[in-house]
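A short write-up of the structure that comes next.
The values are calculated or read from the model by the stated rules, or taken from the named source; none is laboratory data. The structure displayed is predicted, hence computed values, not measured ones. Cβ: placed from backbone, ideal geometry, glycine included. Neighbour counts: every protein chain shown.
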Amino acid sequence: MKKVFVLFYMLVSLAFASDSSFDEVLAKAKQGDAEAQFLLGIMYYQGQGVKQDYKKAAEWFSKAAEQGLAEAQFYLGLMYVDGQGVRQDYKKAFEWYSKAAKQGNAKAQFYLGVMYAEGQGARQDYKKAVEWYSKAANQGDAEAQAYLGLMYIEGHGVRQDLKKAKEYFGLSCDSGLQLGCDAYRELNEGGI
C-alpha cells in the first residue's frame, strides 16, 4: 500500500515537474532505481515534462520490469499489445502481464484474462480467463467484473448463471462502468 501511495505521489508531482525534477529522476533511474525507471517510463509514455517517446518509455519500463516492478511489467505488456515503442508481440505481452498478475496487479490480471479469452499470446482457455477475471474482480476492477458477467451470460468457462452475471454487472455498475450498468439494466428488465 505504501508503494502505491509513493507512486501516486510521484505521478501527481509530475504535473509540476521541472527540468531539475526530470534530471533527478533520470539520475536515480541510471543508478538502477526501479521506481525511478518506472517513473521515467511514465514520463515518456505520457509526455509529461518531456516529449512523448514510446521507444524510450519501453526501454525504461523494461529496465524496471526486469527488476520485478509489477507496474512496469503491466505497462510493458500494454506496449507489446499495442506495438507502441516495440514491435507488437502478443506472446511477450502475455509474459509481462503474467509476471505482473502473479504479483497481484489487478489490471494485469484483467488483461491476462482477456488474452486467454481471445486466444492472444496463449491458447484460448475460458476457464483461465474466468480465473484471472475473478482475481481482478475481487480487487474491485470494474472491467473484470463486467467481463466476468459476460462469461456467466455466455457460459464460457463457467456454468451459465444469469443471476451471477447480474451480480457482477451490478458490482461493475457500482464502480461507474457504463457497460456494467447497461447489462445490469437489461437483465433487470428481462426479469432476472
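One residue is enough: does segment 72-89 have a residue meeting the conditions among the charged types (D, E, K, R), within 21 Å of Lys127 (Cα to Cα) and at pLDDT 95 or above? Checked segment 72-89: no residue is among the charged types (D, E, K, R), within 21 Å of Lys127 (Cα to Cα) and at pLDDT 95 or above. For Gly176, the conditions (1) in a helix (DSSP H, G or I); (2) touching a residue at least 24 places away in the same chain (Cβ under 8 Å); (3) not assigned by TED's automatic domain parsing to the domain that holds Ala70 all hold with the exception of (1). Does segment 82-92 contain any residue that is of a type outside the set (Val, Ile, Thr) and either more than 18 Å from the chain's Cα centre (by Cα) or not assigned by TED's automatic domain parsing to the domain that holds Phe38 (or both)? Yes, because at least one residue in segment 82-92 is of a type outside the set (Val, Ile, Thr) and either more than 18 Å from the chain's Cα centre (by Cα) or not assigned by TED's automatic domain parsing to the domain that holds Phe38 (or both).
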